[in-house]
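One structure below.
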Amino acid sequence: MKKIECFIRPEKLELVKEGLFEKGIKGMSIYEVRGHGNQRGILLSSRAGQYCVEWIDKLKMELVVSNKVDINDIINTIISKAQTGKPGDGKIFILPVEESIRIRTKERGEDIL
């Protein structure tokens, strides 16, 4: 199993979610987060002058997929739905999952996904 963690723009959530649903991915967690990447915030202009917003609102999406799922297909779906081509589109991280356990029934393995 693999855990996919991705940071996306909040306005892209519905597109990414619907794209994943079409691929058969139903379970996911969403967190509202703030941070910055290489761009270290964004420079905005107002009547008072320019100022930097250091912490940018993002969404963190987590999902665990079976080894039977084509992980590259899932990654390509996230990218195609979340990409704007501008800095701040986000990042995707892939982590191995050693075990999964359903608390209610104590079932283990990929079947609980």
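Quick look at the numbers
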item	result
Long-range amide H partners of ILE25 with built H, under 5 Å	none
Approximate spin-label separation LYS23-ILE71, in nm, with each point projected 7 Å along Cα-to-Cβ	1.2 nm
Total formal charge among the other residues, if their Cβ is under 11 angstrom from that of SER66, Lys/Arg +1 and Asp/Glu -1	-1
GNM top mover of VAL64, VAL16, VAL97 - the chain, alpha-carbon springs below 10 Å	VAL97
Phi to ³J(HN,Hα) by Karplus 6.51 cos²θ - 1.76 cosθ + 1.60 over the range 96-104, Hz, x for Gly, Pro	x, 10, 6, 7, 9, 9, 7, 4, 4
Hz values of 3J(HN,Hα) by residue in the range 31-36 - Karplus curve (6.51, -1.76, 1.60), Gly and Pro given as x	10, 7, 10, 10, x, 8
GluC sites (Glu not before Pro) within the range 23-72: DSSP coil, no more than 14 neighbouring Cβ in 10 Å	GLU54
Cα-only Debye scattering, the chain: base-10 log of I(q)/I(0) at q = 0.11 Å⁻¹	-0.43
Assigned charges on the beta-carbon of Lys, Arg, Asp, Glu; the range 2-112 dipole about Cα centre (debye)	240 debye
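Every number here is computed from the coordinates shown, using simple stated rules; none is lab data. A quick note: this is a predicted structure, and the numbers were derived from the prediction, not measured. With ideal geometry, Cβ positions are generated from the backbone for all residues, glycine too; neighbour counts draw on all protein chains shown.
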